[in-house]
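Step one of this worksheet: look at the structure below.
The values are calculated or read from the model by the stated rules, or taken from the named source; none is laboratory data. Quick caveat, the model's predicted, so the values are computed rather than measured. When we count neighbours, we look across all protein chains shown, and the Cβ atoms used for this are built from the backbone with ideal geometry, even at glycine. Ligands, DNA and RNA are stripped out before the accessible areas are found, and what is left, the full protein with its side chains, is counted by its heavy atoms. Shrake-Rupley method; radii C 1.70, N 1.55, O 1.52, S 1.80 Å.
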Amino acid sequence: MESPNTTKPKTRLSNSNLLFMIAGIIFVLMYGFALIRYPGSFMQFQTFFDLFNLNAALFIVTLGLCVVMIAGGIDISVGAVCGLVTMACAMLLQSGAASIWGALLLALAIGTAFGVLHGFLIAYLEIQPFIITLSGMFLAQGLLTTLHKDPINVTMPAFVALRNYTIEIPWLGTVNRLGYFIPCEIKPGVIVVVVLIILYAILMKWSRFGRNVYAIGGNSQSARMLGINVKRTRFFSYVICGLTAGISGFVYLMTTGAGNIGNGALFEMKAIASNVIGGILLNGGVGNLLGAPIGTMTLLTINELIRAAGVQSNLQAIVSGLLLYLFIVLQSIVMSLRGERKFRIVLPPWLKP
Amino acid sequence: MQSEIILRMEGISKSFPGVKALQNVDFVLRKGEIHALMGENGAGKSTLIKVLTGVYEKDAGQIILDGRNVVCRSPQEALSMGIGTVFQEIALCPNLTVAENMFIGRSQNSFVRWKEMNAKAAQLLDSLGIPASPTQELSSCSIAVQQMVSIARAIDMDCKILILDEPTSSLDEDEVKKLFALMRELKARGVGIIFITHFLDQVYEISDTITVLRNGELIGEYQTAALSQIELISKMMGKALSDVSEMKKQEPQTSSDSVPVFEATGLSSAAGVRPFDFRIEKGEVNGFAGLLGSGRSESVRAIFAADKVTSGEVKINGKKVKLKTPLDAMKNGIGYLPEDRKHEGIVGELSVRDNIILALQVMKGFFRPLSRKQAEEFANEYIEKLGIKTPSINTPIDSLSGGNQQKVVLARWLLTHPMYLILDEPTRGIDVGTKVEIQKLVLRLAEDGVSLTFISSEIDEMIRVCSRLIVMKDREIVGELSGMNVTEQDAMHMIAQGGKGHV
């Protein structure tokens, strides 16, 4: 008698890739719907590029947080660190004491400092990441308001030039009503986003560190037994996240040109939502890094769609919230149908396979 | 067949506060040998393995590996010396691929060479006959295959000694066969395997040698072929040294028309015990006998609804009731003292007093708290009644010895005045004196009309206390022994042979 669950070697899609695929499909459907429903605004390539132009900093924050989330952690200080960096860099540039490179260095230093602090407390002293990064969030917010209360517009010529610099794509664009061809424009921040996506994707897929991050996110106890330095890996995941938040602050400043206490507000929440939509689970260990930008794009498209629909602004939040519920329940159902113990949810009888 | 000795442990002793876990134990493993390490709960099997792999530091004795005296400080160090362990709980990462699980944490290269790694993994899986593909996610493999991957990793790290700790407990028959095929392959390669299991049939199928431990002491090393099952069981269960001459168990005061206190028909639970019938009379003490893993704990957990009950009908005092949760059972006058005292019994940080009143408080509901004065009265009453040795009622229960902790948990249930009390291994890991006290208490309670079910790994203890033994094997009731003149021999024969017809 042959037992029914005899295992045959078969390679099926990994959970990470399955969730990534779902995220991709959701985005394509969403954008496709937008194209059909509101061709006026979405049929332009510039609209697509503007998602990146205007939100480069959010994309970057999401990438760093993605690494921490795959490691099974969380960092809710990223938004506040991003905001703090914009203000600190703006003050530095405006004071004329440093060049753009000096400001960039400051941004990296602030981000790394927070990352090292959080990484040490969480990895080596084994304190809950939520509490630690919550403290970090308050600290960064406090420092931000202490530095300067009013917005600072950076007027340094070299910086203004950088802010206004755009890259034109001559072969891509739209013809306006007067018949002029307007090429699409890309901001330098977008280049940073693309470079970081490529770098981080390589890091997570091909580096020893990246695979160790997956391992500790999957099961840190096992990872330790397999000979992985769990603490060091966890530490560096937070350092990378902090560093990335620093970069995002600088890119934020490059986009808006001003330091402001409202900068980066709620980025941590948007980044978490983006990652979850992108198939990076809060439990850790599961997710494709490329899901992070896909998730951000989906989140931004939702907002654009709601704006295009002309819904009242208070309804926008409601609709985004409801859509988020929908996606996440959908993910859970798919994972649960796969029979993964980790994701099992109670399914109503009509959904059982 | 006397081949080369690769591991020799001599005079190993290890104690924990209040317990001598190992006393002067010797153990020898030869090249290409499958050596079963046998013993009941608390016999010291896992302590011995943990000493060998460096989880615990030994108090005395030496470990000689390949003729050299060695000291391991961590499982990683043991692994580097060629001692690999595969635990019942799989220590791999479910979200990584099979190949990654075999190689992660072993290379110092900054980058992963996927192609090379997958090719190496495929070759190894092939040579060991493991049905898995290197690129599949580990979580998509069955538990058996995951275990084999874990073994393959150890083999690739040149392990000369492989410890398999209860590897078969979550495998089905087919998977066990595959695992055994792999074990034979490794044996042929000269790997020495230490095999720990509680399935006797498997021991006889695969092992060459058996070492039996009991109460932290070495009973002996035997050739499997020369040791019958009944001998093995009697060596594992043995006799506890205690004077119990003054104890007298008694027949339950039943008349033919009496209604059982508790009666179940066709009861089964999600924990995997086969449907069984069970009844207990007022003032009766009965027990589930059987080896560890035979389903004795699962049965009583089903009675108490501690596991999800999947079928069956329950009558209490002749009235049909539905028990869905432990609270339902408690409200119907059933108490349950779990096997795992540390995790399911005591609440470590709470005081002795709070631990004692816990069950009563739960039954009253948290909105009607016991007054402090009342709680103290109750606590003091039972501390005296059971002779609990504690500095004060406010002492955290953690700091008490195992025997006293057990008495506190007992007091907790006695305070609720149950009419039916289930005690699962109440005497495990506690000293002989307290053991006898608890046994006497059980008999006294029965005299007062409480019905009890008593489970113990020590068969002689059960025979002393219980007037009826329900014998289990392989998660099924295989027989019943009752009367005043049941002997250990009877019980062991039934355990050894009872299930034969079903396997």
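In the set A:85, A:68, which member is crowded, with 21+ Cβ neighbours inside 10 Å, more than 24 Å from residue A:282 (Cα to Cα) and either at pLDDT 95 or above or touching a Phe, Trp or Tyr at 6+ places or on another chain (Cβ under 9 Å) (or both)? Steps first, answer last, please.
Details: A:68 fails: more than 24 Å from residue A:282 (Cα to Cα).
Residue meeting the stated conditions: A:85.
Please verify whether region B:93-108 includes one or more residues that are free of Cβ contacts under 8 Å to residues at least 12 places away in the same chain, open to solvent by 70 Å² or more (accessible area, probe 1.4 Å) and within 14 Å of chain A (Cβ to nearest Cβ). Steps first, answer last, please.
Of all residues in region B:93-108, those free of Cβ contacts under 8 Å to residues at least 12 places away in the same chain come to B:104-105, B:107-108.
When the remaining residues are screened for being open to solvent by 70 Å² or more (accessible area, probe 1.4 Å), the result is B:108.
If we keep only those that are within 14 Å of chain A (Cβ to nearest Cβ) as well, we get B:108.
Checked region B:93-108: at least one residue is free of Cβ contacts under 8 Å to residues at least 12 places away in the same chain, open to solvent by 70 Å² or more (accessible area, probe 1.4 Å) and within 14 Å of chain A (Cβ to nearest Cβ).
Whether any residue in region B:69-84 is touching a strand residue (DSSP E or B) at 6+ places or on another chain (Cβ under 7 Å), crowded, with 16+ Cβ neighbours inside 10 Å, closer than 30 Å to residue B:273 by Cβ and within 11 Å of chain A (Cβ to nearest Cβ) is what I want to check.
no
Among the residues of region B:285-318, count how many are within 26 Å of residue B:361 (Cα to Cα), open to solvent by 20 Å² or more (accessible area, probe 1.4 Å) and over 26 Å from the mean Cα position of the chain (by Cα).
2
Can you work out which of the residues in region A:19-43 that are open to solvent by 70 Å² or more (accessible area, probe 1.4 Å) and modelled with pLDDT of 85 or more is nearest to the other protein chains (Cβ to nearest Cβ)? Step through it out loud before you land on a result.
Step one: of region A:19-43, the residues open to solvent by 70 Å² or more (accessible area, probe 1.4 Å) are A:21, A:25, A:28-29, A:33, A:36-37, A:43.
Restricting the remaining residues to those that are modelled with pLDDT of 85 or more gives A:21, A:25, A:28-29, A:33, A:36-37.
Numbers: A:21: 14, A:25: 20, A:28: 25, A:29: 26, A:33: 32, A:36: 36, A:37: 38 Å.
So, considering only residues that are open to solvent by 70 Å² or more (accessible area, probe 1.4 Å) and modelled with pLDDT of 85 or more, the one nearest to the other protein chains (Cβ to nearest Cβ) is A:21.
Can you pull out the residues in region B:149-187 that are crowded, with 20+ Cβ neighbours inside 10 Å, under 24 Å from residue B:272 (Cα atoms) and facing chain A (nearest Cβ under 10 Å)?
B:175, B:178
So in region B:52-68, with the set limited to residues that are of a type outside the set (Ser, Thr, Tyr) and open to solvent by 60 Å² or more (accessible area, probe 1.4 Å), which one is nearest to the other protein chains (Cβ to nearest Cβ)? It would help to see each step written out before you state the result.
Taking region B:52-68 as the starting set, the residues that turn out to be of a type outside the set (Ser, Thr, Tyr) are B:52, B:54-55, B:57-68.
Within this subset, residues satisfying the condition of being open to solvent by 60 Å² or more (accessible area, probe 1.4 Å) are B:55, B:57, B:59, B:62, B:66-68.
Numbers: B:55: 11, B:57: 19, B:59: 25, B:62: 26, B:66: 22, B:67: 27, B:68: 23 Å.
So, considering only residues that are of a type outside the set (Ser, Thr, Tyr) and open to solvent by 60 Å² or more (accessible area, probe 1.4 Å), the one nearest to the other protein chains (Cβ to nearest Cβ) is B:55.
Does region B:41-51 contain at least one residue that is open to solvent by less than 60 Å² (accessible area, probe 1.4 Å), closer than 20 Å to residue B:193 by Cα and at the interface with another protein chain (Cβ under 8 Å from one of its Cβ atoms)?
Looking for residues that are open to solvent by less than 60 Å² (accessible area, probe 1.4 Å), closer than 20 Å to residue B:193 by Cα and at the interface with another protein chain (Cβ under 8 Å from one of its Cβ atoms), one finds none in region B:41-51, hence no.
I'd like the residue in region B:109-138 that is touching a residue at least 40 places away in the same chain (Cβ under 8 Å) and within 8 Å of another protein chain (Cβ to nearest Cβ) and, out of all such residues, is surrounded by the most Cβ atoms within 10 Å (Cβ to Cβ). Before you say what the answer is, go through the steps one by one.
If we filter region B:109-138 for residues that are touching a residue at least 40 places away in the same chain (Cβ under 8 Å), which is where we start, we get B:128-131, B:137-138.
Next cut, within 8 Å of another protein chain (Cβ to nearest Cβ) only: B:131, B:137.
On the way: B:131: 16, B:137: 25.
Per the criteria, the residue is B:137.
Among the candidates A:188, A:170, single out the residue that is free of Cβ contacts under 8 Å to residues at least 24 places away in the same chain, farther than 30 Å from residue B:90 by Cβ and of a type outside the set (Ser, Thr, Tyr).
Just one listed residue meets the conditions, A:170.
Name, by its number, the condition in (1) open to solvent by 20 Å² or more (accessible area, probe 1.4 Å); (2) modelled with pLDDT under 90; (3) of a type in the set (Ser, Thr, Tyr) that does not hold for residue A:112.
Condition not satisfied by residue A:112: (2).
Tally the residues that are in contact with a Leu (Cβ under 8 Å, 6 or more places away or on another chain), under 21 Å from residue B:275 (Cα atoms) and open to solvent by less than 30 Å² (accessible area, probe 1.4 Å), restricting the search to region B:453-480. Spell out how you get there, then give the answer.
Residues of region B:453-480 in contact with a Leu (Cβ under 8 Å, 6 or more places away or on another chain): B:453-455, B:457, B:462-463, B:465, B:468-469, B:471, B:473, B:480.
Right, trim to under 21 Å from residue B:275 (Cα atoms) and you get B:453-455, B:468-469, B:471, B:473, B:480.
So of that shortlist, the ones also open to solvent by less than 30 Å² (accessible area, probe 1.4 Å) come out as B:453-455, B:469, B:471, B:473.
Count: 6.
Being more than 9 Å from every other protein chain (Cβ to nearest Cβ) and touching a Ser or Thr at 6+ places or on another chain (Cβ under 8 Å) is the filter here; which residues of region B:139-148 pass it? Show your work before the answer.
Filtering region B:139-148 for residues more than 9 Å from every other protein chain (Cβ to nearest Cβ) gives B:143, B:146-148.
The one that is more than 9 Å from every other protein chain (Cβ to nearest Cβ) and touching a Ser or Thr at 6+ places or on another chain (Cβ under 8 Å): B:143.
Could you list all residues from region A:126-150 that are open to solvent by less than 90 Å² (accessible area, probe 1.4 Å) and not in a helix (DSSP H, G or I)?
Scanning region A:126-150 gives A:127, A:148.
With the checklist (1) in a loop (DSSP other than H, G, I, E, B); (2) under 20 Å from residue A:225 (Cβ atoms) in hand, flag the one item residue B:190 doesn't pass.
Residue B:190 satisfies every listed condition except (2).
Quick one: residue A:221 ticks every box in (1) crowded, with 19+ Cβ neighbours inside 10 Å; (2) more than 17 Å from residue B:110 (Cα to Cα) except a single one, so which number is it?
All conditions are met except number (1).
Being of a type in the set (D, E, K, R) and open to solvent by less than 20 Å² (accessible area, probe 1.4 Å) narrows it down to one residue among B:385, B:407, B:373, B:389; which is it? Explain how you work it out, then say what you get.
Details: B:385 fails: open to solvent by less than 20 Å² (accessible area, probe 1.4 Å); B:373 fails: open to solvent by less than 20 Å² (accessible area, probe 1.4 Å); B:389 fails: open to solvent by less than 20 Å² (accessible area, probe 1.4 Å).
One residue alone meets the criteria, B:407.
Could you check region A:174-227 and list, in sequence order, the residues that are farther than 19 Å from residue A:244 by Cβ, among the hydrophobic types (A, V, I, L, M, F, W, C) and either more than 8 Å from chain B (Cβ to nearest Cβ) or not in a helix (DSSP H, G or I) (or both)?
A:175, A:178, A:181, A:182, A:184, A:186, A:226
Return the pairs, sorted by first residue and then second, in which the second residue is part of a loop (DSSP other than H, G, I, E, B) and among the hydroxyl-bearing types (Ser, Thr, Tyr), the first residue lies in region A:265-292 and is away from chain B (no Cβ under 14 Å) and within 16 Å of residue A:63 (Cβ to Cβ), the beta carbons are less than 9 Å apart, and the residues are 6+ apart or on different chains.
A:268/A:77
Identify, from the list A:77, A:16, the residue that is modelled with pLDDT under 90 and either open to solvent by less than 10 Å² (accessible area, probe 1.4 Å) or within 14 Å of chain B (Cβ to nearest Cβ) (or both).
Of A:77, A:16, the one residue that is modelled with pLDDT under 90 and either open to solvent by less than 10 Å² (accessible area, probe 1.4 Å) or within 14 Å of chain B (Cβ to nearest Cβ) (or both) is A:16.
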